[in-house]
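*Asks:* Structure incoming, see below.
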């Protein structure tokens with residue numbers, strides 16, 4: 001749930017809210033790319049009572065990408081070709097005492113139907129898809145992460161996973177990499193997930209690439225030298241993550257520069273010196289806000305941001321990059337932002353969920369079972 | 001027409017959200033923002049289903065939260081919303097004063113204040129706030145708020161383009177905001193004496209969200225007015241049977257009376273009487289207007305209607321409240 005409530009629109013419309021995106025080479029089937037999109041945060045209820053919206057297009061977009069430059073001006077070049085996996089869901093139908101929902105994945109090789117909640121998912125033409133409720137795999141102590149922004153210092157660790165036991169709605173796609181852009185395409189792919197309206201009026205409502213860019217970094221207005229009273233996240237989420245419009249780039253840059261400089265100063269030293277224009281070394285790389293996976297490298301649990309940091313140093317990357325479900329991105333990101341690895345690991349004290357994801361399709365753990373009967377609050381009529 | 005999430009899905013998800021937040025509240029793990037969200041969602045469900053128990057629960061939860069977090073502006077904002085939903089307008093305005101003193105975001109407090117001022121007939125003050133909100137940010141909420149205020153004042157020419165603009169500015173797929181907007185638009189035309197237009201908007205609202213009891217109740221009223229009395233009676237029988245809001249039983253009794261079905265009308269009248277009595281004793285401000293409407297028509301006790309209409313006028317001095325009192329007085333037999 002790294003991107004839950006990332007802006008007023010998502011807070012008001014939780015069904016559009018993308019909470020996480022994961023992309024990694026399949027640990028089960030080498031040469032296959034796994035894409036995961038989670039939506040609809042904070043659901044501590046039975047899986048059978050959660051449904052995808054029939055008015056949304058849930059889509060995962062993949063582009064070929066290559067390293068365009070390395071060193072301080074490191075950048076990716078995104079190819080024009082796109083392969084998208086677009087999920088549309090039906091209105092649930094009554095079946096006995098329950099409601100069953102089905103959906104259709106429109107992929108590069110055609111359509112495939114999927115029954116929501118079917119553990120086995122659906123397969124067709126080298127594509128394997130799943131849609132349904134799962135346990136939220138994200139873990140964070142929000143007292144810690146929020147405490148940093150609130151108190152402007154690194155707080156004491158309480159080690160409580162604020163999200164333990166929450167369910168979310170997941171979409172999982174496993175596809176053979178060579179079928180995406182051809183056998184001779186480069187190994188790097190860039191991944192973004194979006195929710196958009198699927199009626200005659202089309203609008204992108206939420207968009208996510210890397211975790212916690214919007215909440216850890218863009219939410220914090222206090223260090224922004226330009227816009228201290230503007231939540232830029234709704235504007236940012238409306239953008240095509242592969243092609244940000246020039247209109248608001250200045251506002252995004254100012255927010256990232258100010259916020260990341262604040263994080264860097266939390267340990268009393270500077271690990272990310274700004275350039276003469278006040279630009280943080282990570283700003284341009286993070287504004288290329290998509291997950292980058294190297295499909296020529298084997299599955300690696302800890303590849304998150306490794307490719308980006310390597311090209312920034314001007315070195316070859318070693319891992320598949322991307323983002324694996326169980327990776328502790330809170331610790332990784334805070335450590336990178338605060339000391340760039342030149343100091344102790346910054347940890348919120350939460351290193352996983354009670355039920356980590358497995359290495360088998362659909363990877364994410366089963367949802368929290370039927371929760372206990374609600375205990376009424378004392379003195380409150382139910 | 002803007003496509004929104006199917007009503008069945010939206011309602012199942014709303015109920016699921018409420019249950020999840022309740023579970024968190026009961027375990028003491030709910031954040032301040034989530035407390036406010038729980039209160040808001042209960043008020044939303046109460047409004048859509050016409051479920052009085054949800055209004056009461058929202059108020060009880062907001063009061064509980066205030067006891068636990070009395071230094072937080074959000075607690076007072078939540079309480080203002082819950083109190084406003086039960087027509088405790090004076091109390092809601094004073095809660096908003098405290099919320100603002102405690103630093104609640106100005107836009108949120110002003111939107112709530114505008115709603116309360118509008119409800120009590122202080123239209124000019126509400127208009128200032130609504131216009132400021134649109135100038136600050138012309139999004140769906142602010143434009144729809146201004147449209148609803150003009151609609152409430154019967155200013156159809158001003159309201160119509162704003163209703164249209166609200167659609168253009170809508171960014172989401174939840175059916176709740178649009179169903180409420182369509183209901184308000186229908187209600188404006190109903191009060192303006194255009195039952196056909198009103199029916200179309202009530203119908204749009206109900207089709208978008210079939211569980212929306214108020215929309216279906218008013219749709220039935222418009223259908224009855226336009227001659228489809230059988231259809232209206234069928235709708236109202238179901239609504240009156242399902243809802244704990246006596247308005248539907250009262251409407252049904254009135255239509256059945258008019259159609260000469262006295263026996264069934266008496267049954268629904270008795271049910272409405274009992275429920276209005278319960279509700280007026282528990283929440284006099286909230287139900288004085290609807291109860292007065294009932295007693296002056298199907299309830300056949302205009303003296304009681306006058307007492308309640310006067311109480312309603314004390315709560316909110318609006319043209320509608322004044323008209324209700326006039327109707328109640330007119331319904332009384334000449335001395």
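Every read-out reported here was derived from the displayed coordinates using simple, explicitly stated rules and does not represent laboratory data. Predicted model, so just to flag it, every value in this text is computed and none were measured. When we count neighbours, we look across all protein chains shown, and the Cβ atoms used for this are built from the backbone with ideal geometry, even at glycine.
*Asks:* Hey, could you pull the Cα Rg and Dmax for region B:7-104, both in Å?
*Replies:* 13.2, 41
*Asks:* Per 0.36 nm of contour for each residue apart, how much would the distance between residue B:155 and residue B:259 grow if the chain were fully extended, relative to their Cα-Cα spacing?
*Replies:* On the way: separation 104, 0.36 × 104 = 37.44 nm, distance 3.39 nm.
Extra length available between residue B:155 and residue B:259 comes to 34.0 nm.
*Asks:* Roughly how many Å is it from the Cα centre of region B:244-272 to that of region B:310-335, as a whole number?
*Replies:* If you average the Cα positions of each part, the centres end up 22 Å apart.
*Asks:* Further question on the same structure: Within 10 Å of each Cβ of B:22-34, how many other protein chain Cβ atoms are there on average? Present the calculation step by step, with values, prior to reporting the outcome.
*Replies:* Details: counts 8, 8, 4, 4, 7, 4, 1, 5, 0, 4, 0, 2, 1.
Per-residue shielding by partner chains comes out at 4.
*Asks:* Multiply the residue gap between residue B:168 and residue B:90 by 0.36 nm, knock off their C-alpha separation, and tell me the result in nm, one decimal place. Write down the numbers at each step before the final one.
*Replies:* Numbers: separation 78, 0.36 × 78 = 28.08 nm, distance 3.46 nm.
Extending this stretch completely gives an extra 24.6 nm.
*Asks:* Given the rule -39500 (n - 2.57) for each run of at least 4 DSSP H residues, summed and divided by the residues of chain B, what is its mean residue ellipticity at 222 nm, to the nearest 500 deg cm²/dmol? Please report the intermediate quantities before stating the final value.
*Replies:* Values: 18 runs with 267 residues, N = 335.
Estimated from H runs of four or more residues: -26000 deg cm²/dmol.
*Asks:* Still on this model: Where the centroid of each part is defined by its Cα atoms, how far is region A:270-294 from region A:65-86 in Å?
*Replies:* A separation of 15 Å, based on Cα centres.
*Asks:* On to the next question. Defining a contact as two alpha carbons under 8 Å apart and six or more residues distant in sequence, what relative contact order in percent does chain B show?
*Replies:* Values: 469 pairs, mean separation 43.1, N = 335.
After rounding, I find 13 percent.
*Asks:* Sorting A:345, B:131 on the 10 Å Cβ count, fewest up front, what's the list? Display every interim value, and only then the final one.
*Replies:* On the way: A:345 12, B:131 15.
Taking fewest neighbouring Cβ atoms as first place, the list is A:345, B:131.
*Asks:* Something else: If you wrap a convex hull around the Cα atoms of region B:261-335, how much volume per residue is inside, in Å³? Please report the intermediate quantities before stating the final value.
*Replies:* Working: hull volume 6.4 nm³, N = 75.
That works out to 85 Å³ per residue.
*Asks:* Which whole-number percent of Cα pairs in region A:8-339 have a distance greater than 38 Å?
*Replies:* Numbers: 7281 of 54946 pairs.
Tail fraction, whole percent: 13.
*Asks:* Which value, in Å³ per residue, describes the convex hull spanned by the Cα atoms of region A:54-210?
*Replies:* Values: hull volume 30.3 nm³, N = 157.
That works out to 193 Å³ per residue.
*Asks:* Also, quick follow-up: Taking the Cβ of each residue in A:177, B:283, A:4 as the centre, tally the other Cβ atoms inside 10 Å and list the residues starting with the fewest. Walk me through the numbers on the way to the answer.
*Replies:* Details: A:177 20, B:283 17, A:4 24.
Least crowded to most crowded, the residues run B:283, A:177, A:4.
*Asks:* Work out the mean other chain Cβ neighbour count within 10 Å for the residues of B:1-14 and drop it here as an integer. Kindly include the intermediate steps, with their values, before the conclusion.
*Replies:* Working: counts 3, 6, 9, 6, 11, 8, 1, 7, 13, 5, 0, 6, 11, 1.
Neighbouring Cβ atoms belonging to other protein chains average 6 per residue here.
*Asks:* What are the semi-axes of the equivalent ellipsoid for chain B, taken as the square roots of 5 times the Cα gyration tensor eigenvalues, largest first, in whole Å? Spell out each step's value before the answer.
*Replies:* Details: eigenvalues 195, 104, 93 Å².
Ellipsoid semi-axes (Å, largest first): 31, 23, 22.
*Asks:* Taking each residue of B:168-178 in turn, how many C-beta atoms of other protein chains fall within 10 Å of its C-beta, and what is the average? Don't skip to the answer; put the middle values down first.
*Replies:* Working: counts 1, 0, 3, 10, 12, 14, 7, 2, 2, 2, 0.
The per-residue average across the peptide is 5.
*Asks:* I need the calculated FRET efficiency for the pair residue A:351 and residue B:242, taking r as the beta carbon distance and R₀ as 56 Å, to the nearest 0.05. Kindly include the intermediate steps, with their values, before the conclusion.
*Replies:* Details: r = 49 Å, r/R0 = 0.88.
Once rounded, the FRET efficiency stands at 0.70.
*Asks:* Which value in Å does the Kirkwood hydrodynamic radius of region B:199-335 take, with 1/r averaged over all unlike C-alpha pairs and then inverted? Walk me through the intermediate numbers first.
*Replies:* Details: mean 1/r = 0.0655 Å⁻¹.
Result for region B:199-335 stands at 15.3 Å.
*Asks:* If you count, for each residue, the other Cβ atoms within 10 Å and average over each peptide, how do A:322-330, B:187-195 line up from highest to lowest?
*Replies:* On the way: A:322-330: 23.1, B:187-195: 17.8.
The most tightly packed comes first, giving A:322-330, B:187-195.
*Asks:* Here's another thing I want to ask about it. Determine the distance separating the Cα centre of region B:129-181 from the Cα centre of region A:137-203; give it in Å without decimals.
*Replies:* If we compute the Cα centre of each part, the gap is 34 Å.
*Asks:* If I take R0 = 22 Å and measure r between the Cβ atoms of residue B:15 and residue B:281 in this structure, what FRET efficiency does the formula 1/(1 + (r/R0)^6) give, to the nearest 0.05? Write down the numbers at each step before the final one.
*Replies:* Numbers: r = 29 Å, r/R0 = 1.32.
Taking R0 as 22 Å, the efficiency between residue B:15 and residue B:281 is 0.15.
*Asks:* Name the residues of region B:287-323 whose amide N is less than 16 Å from a point 7 angstrom out from the Cα of residue B:266 along the C-beta direction?
*Replies:* Correct set: B:299-300.
*Asks:* Here's another thing I want to ask about it. Spin-label point model (7 Å from Cα, Cβ direction): what's the residue B:314 to residue B:228 distance in nm?
*Replies:* 4.2 nm
*Asks:* Shifting gears a bit: Would you calculate the separation in nanometres between label points at residue A:301 and residue B:53, each defined as 7 Å from the Cα along the Cα-to-beta-carbon direction?
*Replies:* My value for the distance between the label points is 4.8 nm.
*Asks:* Next question, about the same structure. Using a 7 Å offset from the Cα along the Cα-to-Cβ direction at both residue A:243 and residue A:95, what is the distance between the two label points in nm, to one decimal?
*Replies:* About 4.1 nm, to one decimal.
*Asks:* Specify whether the C-alpha gyration tensor of the protein assembly as shown places it in the rounded, prolate or oblate class, a ≥ b ≥ c being the square roots of the eigenvalues: rounded for a/c under 1.5, otherwise prolate if a/b is larger than b/c and oblate if not.
*Replies:* Numbers: a/c = 2.23, a/b = 1.83, b/c = 1.22.
Cα axes put the protein assembly as shown in the prolate bin.
*Asks:* Taking the 0 to 90 degree range and rounding to the nearest ten, how far is the long axis of helix B:319-331 tilted relative to the main principal axis of chain B, both from C-alpha atoms?
*Replies:* 20 degrees
*Asks:* Right, next: With a 10 Å Cβ neighbour count serving as the proxy for reagent exposure, in which order, fewest first, do B:22, B:155 appear? Numbers along the way, then the final one.
*Replies:* On the way: B:22 24, B:155 16.
Least to most surrounded, the residues fall as B:155, B:22.
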